[in-house]
Amino acid sequence: MSPLLKIRAERDQMSAIERRIADFLLENAHLLRDYSSQQLANALGISQSSVVKFSQKLGFKGYPDLKYSVGQAVARGGGAEDGGNGTEPRIDDPHAALAQDLWHLKALAEAETRLINPPENIDAIAHAILQAGKVFIIGLGEDGIPARAFATRLSMLGIVTVHYVDAILMQAGVSSAAPGDVLMVFSEHGRQPALCQISRLFRERVGRVVTITRHTPNPLRAHADAALLVSAHDERRHIEPLLYQSALQHLLDLIFILLCDASEERRLQLDLNFERMQDLLDH
């Protein structure tokens, strides 16, 4: 994994001095080879030890190892994972550059999101869903779109799913929760007090709460037994939501595949439901 991806993913959790170093590296990665740790410290007005500690916090032995790793990432193409198919866009395609840039940003958001969600955490969430008697799902506003889509997928697998788009109805619905049930709460920013209250009530009934939010600290995550985190950043307000939705969908797709691979019975149920749906469409 590129150190630049790791820096971007962890930036919001860093101290003020660490963010200054991180921002400099992200904006000037191609120039880092010309900087010693002391020169970098002087450029930022900080101590040399701060640069060394920053490098070690990222998992490197010291600044030289970090500088070498960043240089390798830049040589490979700016730190993003190479996912191209080796084909060049048509010269006369007016959307080629726009499409490539958007694809690159989505790939970067997906890579950052994968980095901050350990495999064992994702496996544990998938296992909890499979073992649950019922899976409750809620998302308000735009968060309701991925929530509804995921609830539909779980239902297709034969998993008992209780889906609400209204916080008041969900508060009533959780009264039927039993130990071992799972509540999945979709909230990009995790700030809705109603969802925090629902999560607290659900945990009181010995259910497991899984929150799906951005990776930045938020009140909702305080009520979670497990959290799915999304990292997607862009200064353009019309672009950032697209990156969030793309990275979130990729994360949910991964969990869905794990659920399918974990149970042949579930896969057979999915196939059967697809056949029934097709029969209805054909008649």
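The values are calculated or read from the model by the stated rules, or taken from the named source; none is laboratory data. Keep in mind it's a predicted model, so treat the numbers as computed, not measured. FYI the Cβ positions are ideal-geometry reconstructions off the backbone, even for glycines, and counts take in every protein chain you see. Note: areas computed on protein heavy atoms with side chains; ligands, DNA, RNA excluded. Shrake-Rupley method; radii C 1.70, N 1.55, O 1.52, S 1.80 Å.
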Would a scan of region 47-67 turn up a residue that is among the basic types (Lys, Arg), in a loop (DSSP other than H, G, I, E, B), more than 20 Å from residue 104 (Cα to Cα) and at pLDDT 85 or above? yes
Quick check, is residue 155 out of contact with any helix residue (DSSP H, G or I) (no Cβ under 7 Å at 6 or more places or on another chain), part of a helix (DSSP H, G or I) and of a type outside the set (Lys, Arg)? yes
Search result, residues across region 228-264 that are touching a residue at least 40 places away in the same chain (Cβ under 8 Å), open to solvent by 20 Å² or more (accessible area, probe 1.4 Å) and over 26 Å from residue 23 (Cα atoms): 249, 250, 254, 256, 258, 262, 263
If we keep only residues of region 96-147 that are charged (D, E, K, R) and over 18 Å from the mean Cα position of the chain (by Cα), then the residue most open to solvent (accessible area, probe 1.4 Å) is 101
In region 216-227, residue nearest to residue 9 (Cα to Cα) [restricted to those that are hydrophobic (A, V, I, L, M, F, W, C) and open to solvent by 20 Å² or more (accessible area, probe 1.4 Å)]: 227
Just wondering, is there one or more residues in region 244-257 that are under 16 Å from residue 152 (Cβ atoms), touching a helix residue (DSSP H, G or I) at 6+ places or on another chain (Cβ under 8 Å) and of a type outside the set (A, V, I, L, M)? yes
Looking at region 15-36, can you tell me whether even one residue there is buried (at least 18 other Cβ atoms within 10 Å of the Cβ), hydroxyl-bearing (Ser, Thr, Tyr), modelled with pLDDT of 85 or more and in a helix (DSSP H, G or I)? no
